[in-house]
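Note sheet for the following structure.
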Amino acid sequence: MLDTLSPEITTPTPQFEARRPAPAQHRVVVHRPGGPRPALRLAAPGAVPTTLPPSERRRLPEPVPAARLRLTRRGRLSLLVSVVVLLFAAFSVGHVTTNAATTGPTAPKTHTVVVAPGDTAWSIARAAMPRLDGREAVDRLLAMNHSDGNIRVGQTLTVPGS
């Protein structure tokens, strides 16, 4: 069909040349999946679009929901063991510090009794230690005085109490 047309029709005139857009220049754009897509430049240098199509606009990242802590069976077991060890250590330290003596040992409170006529080891022990069993009170009284069980009138005995 071009054979039938005259050369005047097939050659472009200068007035139409100015209206024809320049041929597109190709460039390679690297795009990473999941990242923002780069905006393509137009063929004319310096011509930047004022608005981009919705597919080309940069989107703000959506807020990431807070991740929940998930423990495995081993994690729960190790957490339980560590809590038990910490509690044991805290109670041990507390027990040691409460039993620590701040002062030296205190002497038991004692007083002396002079044996009167008619007094027995039993009557003196029961009067000095009313909360104890009579036999135990007599044994303590005789042990404190290094006695074999014989007491005499006028003898001074050391008895526990205030």
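The values are calculated or read from the model by the stated rules, or taken from the named source; none is laboratory data. From a predicted model like this one, the values you see are computed outputs, not experimental measurements. Please note: Cβ atoms are built from the backbone with ideal geometry, for glycine as well, and neighbour counts cover all protein chains shown. What goes into the accessible areas is simple: the full protein's heavy atoms, side chains included, and nothing from ligands, DNA or RNA. Shrake-Rupley method; radii C 1.70, N 1.55, O 1.52, S 1.80 Å.
Being open to solvent by 90 Å² or more (accessible area, probe 1.4 Å) and of a type in the set (A, V, I, L, M, F, W, C) is the filter; apply it to segment 115-162 and report the residue that is farthest from the chain's Cα centre (by Cα). Residue satisfying both the conditions and the ranking: VAL153. Annotation note: Cβ proximity below 8 Å between a residue of segment 114-139 that is more than 13 Å from VAL153 (Cβ to Cβ) and of a type in the set (D, E, K, R) and a residue that is open to solvent by less than 50 Å² (accessible area, probe 1.4 Å) and part of a helix (DSSP H, G or I) (sequence gap 6+ or interchain) occurs for ARG126/GLY134; ARG126/ALA137. Residue pairs whose Cβ atoms lie under 7 Å apart, separated by 6 or more positions or on different chains, with the first residue in segment 144-157 and more than 14 Å from TRP122 (Cβ to Cβ) and the second in a loop (DSSP other than H, G, I, E, B), are ARG152/VAL115; VAL153/VAL115; VAL153/ALA116; VAL153/PRO117; GLY154/VAL115; GLN155/VAL115.
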